[in-house]
Structures are given as C-alpha cells and as structure tokens.
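The values are calculated or read from the model by the stated rules, or taken from the named source; none is laboratory data. Keep in mind the model is a prediction, meaning the values are calculated, not measured. With ideal geometry, Cβ positions are generated from the backbone for all residues, glycine too; neighbour counts draw on all protein chains shown.
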Amino acid sequence: MNIKDLKFDEKGLIPVVVQDYYSDEVLTVAYMNKESLDITIKEGRTCFWSRSRNELWRKGETSGNVQHVVSITSDCDNDALVVKVIKDGPACHLGSDSCFSNLLYLKVIDKSDLNDEKEIKKISEKSLLSNLYDLLNQRYVDRPEGSYTTYLFDKGLEKILKKVGEESAEVVIGAMKDDKEETIYEISDLCYHILVLMVDMGISVEDVLKELDSRHIIDKKVKQETMK
C-alpha cells in the first residue's frame, strides 16, 4: 500500500505500536506524521513525531538505542500502524526493555486449555523467564524498600557478581553430590541472580536467545570435539 492511503488524524498524526521482531513484545506506542514515516522507511530506523516537543524524534539519536525496522503494517482501517523492529537497546527512557512493564493484571493460563503446541511452548518460555525479567526490571526502577532485589541493585555490580559466583558453586556442589532436588533448587537461585545481573547490565532475555540461536550449539560442539 501507499502512504497516501493512510488516514492521519486532524493533527496529521497516526498511532504506531512498536513490537520486538523476535519476541513480538510490545515495546512502545508513539506517533508518526507523514514526514517521520517517510524518514523511517528511507533510513530503516524508527523516527517519530514528539507531541510534547513538537518535533521529529529519531529513536536512539542521543541514547544509541536505535530501532532497526523490519516491517510496517497498517490495520484494516488504515489509521494505525504496527512497526516490527530489531532494537539495539532498551525501548523505554527509564531503561526498561519495554515501556509496558507496570503489571496491572495477570491471568494464569492453564496449558490444558491450549491445543497449539507452539503457543504452549511460547507460554512456557515467555512467562517464566521474561515475566521474571520484567519484574526485576521494575524493581530496578522502583527500588522498593525491604526487597532483596533492591538490596542487590543498590550494592551494585560487584555484589551481584559475587552472588552469581556463590550460586554457581552451590550448583556444582549439589550436582557433585548427585542430589537432584538440591541441584534444581540451586539452579533456580543461580537463574534468578543471573537475571538480576542481566537487568543491571541492560542485557535482555531476547539478547541471550538471539545469541544462542546464532551459534548452532550442537554443530559447533561436535566440531570442537572433533578437532580435539
């Protein structure tokens, strides 16, 4: 379709939902006018119209958190857009992976109600890791008193790394004892502290999944063992 087919409002703007290309997570909602949309298409990175500053706003121009555009889709009425991007950093100006991190309601979905194996797999992966990551991200911003997570963030990277090291050792000890229950418990502790480390360093779950996906781990491992 052509830009001229889109329906901009009386102020010449159209709402834009920005989604992560890999995870489909909603990153932010912003506005574009014809000029910013044209720039977005030509440059291949998101450019919005700032209603508060009344000027063009290239995402990442000052922060470096550029959003590289993969696709732009219009809705059935041609009055709203979905832009899928590959991002270089957090989407939110507060440092969160997404602007939508304030949880208001969460329904626990019974997997037995689902027939699609892909959806079951997606829920299993997304809810346990990404939801915890999002919660830790919110803790990083809010720093509620009395929270152990707040304590770790306040103490800083050195303390977090110390805990990651300690929990790694606990996993090794549990495994060496061939104690499955203890090992599971310690792995869970290690996962939590690694996620805290990721939040502190601005590393998202998607960053890690993309890295793992790019490695073809089994093939490379076989090659390495063959070379030895």
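Restricting attention to segment 182-216, and to residues there that are touching a residue at least 12 places away in the same chain (Cβ under 8 Å) and in contact with a Gly (Cβ under 7 Å, 6 or more places away or on another chain), which single residue is nearest to Tyr151 (Cα to Cα)?
Across segment 182-216, the extreme among qualifying residues is Gly202.
Does Ser74 satisfy the criteria of being exposed (fewer than 13 other Cβ atoms within 10 Å of the Cβ) and over 22 Å from Glu211 (Cα atoms)?
Working: exposed (fewer than 13 other Cβ atoms within 10 Å of the Cβ): no; over 22 Å from Glu211 (Cα atoms): yes.
Taking the combined requirement at face value, the residue does not satisfy it.
Please find, within segment 1-20, the residue that is farthest from Ser50 (Cα to Cα) out of those that are outside any strand (DSSP E or B) and hydrophobic (A, V, I, L, M, F, W, C).
Restricting attention to segment 1-20, the residues satisfying the condition of being outside any strand (DSSP E or B) are 1-13.
This time we only want the ones that are hydrophobic (A, V, I, L, M, F, W, C), so: 1, 3, 6, 8, 13.
On the way: Met1: 25, Ile3: 20, Leu6: 19, Phe8: 15, Leu13: 10 Å.
Checked segment 1-20; the qualifying residue farthest from Ser50 (Cα to Cα) is Met1.
Looking at segment 9-40, which of its residues are surrounded by fewer than 17 Cβ atoms within 10 Å (Cβ to Cβ) and in contact with a helix residue (DSSP H, G or I) (Cβ under 8 Å, 6 or more places away or on another chain)?
Gly12, Lys34, Asp38
Quick one: Glu55 ticks every box in (1) at pLDDT 90 or above; (2) exposed (fewer than 14 other Cβ atoms within 10 Å of the Cβ); (3) touching a helix residue (DSSP H, G or I) at 6+ places or on another chain (Cβ under 8 Å) bar one, so which box is it?
Here Glu55 meets the rest and fails (3).
If I ask for residues that are closer than 20 Å to Leu129 by Cβ and surrounded by 14 or more Cβ atoms within 10 Å (Cβ to Cβ), which ones from segment 166-184 would you list?
Filtering segment 166-184 for residues closer than 20 Å to Leu129 by Cβ gives 167-168, 171, 183-184.
Those that are closer than 20 Å to Leu129 by Cβ and surrounded by 14 or more Cβ atoms within 10 Å (Cβ to Cβ): Glu167, Ser168, Val171, Thr183.
In this structure, does Glu158 turn out to be within 25 Å of the chain's Cα centre (by Cα) and surrounded by fewer than 16 Cβ atoms within 10 Å (Cβ to Cβ)? Reasoning before the result, please.
On the way: within 25 Å of the chain's Cα centre (by Cα): yes; surrounded by fewer than 16 Cβ atoms within 10 Å (Cβ to Cβ): yes.
Spelling it out, Glu158 is indeed within 25 Å of the chain's Cα centre (by Cα) and surrounded by fewer than 16 Cβ atoms within 10 Å (Cβ to Cβ).
So which of Lys163, Lys220, Lys159 is at pLDDT below 85 and part of a helix (DSSP H, G or I)?
Numbers: Lys163 fails: at pLDDT below 85; Lys159 fails: at pLDDT below 85.
It is Lys220.
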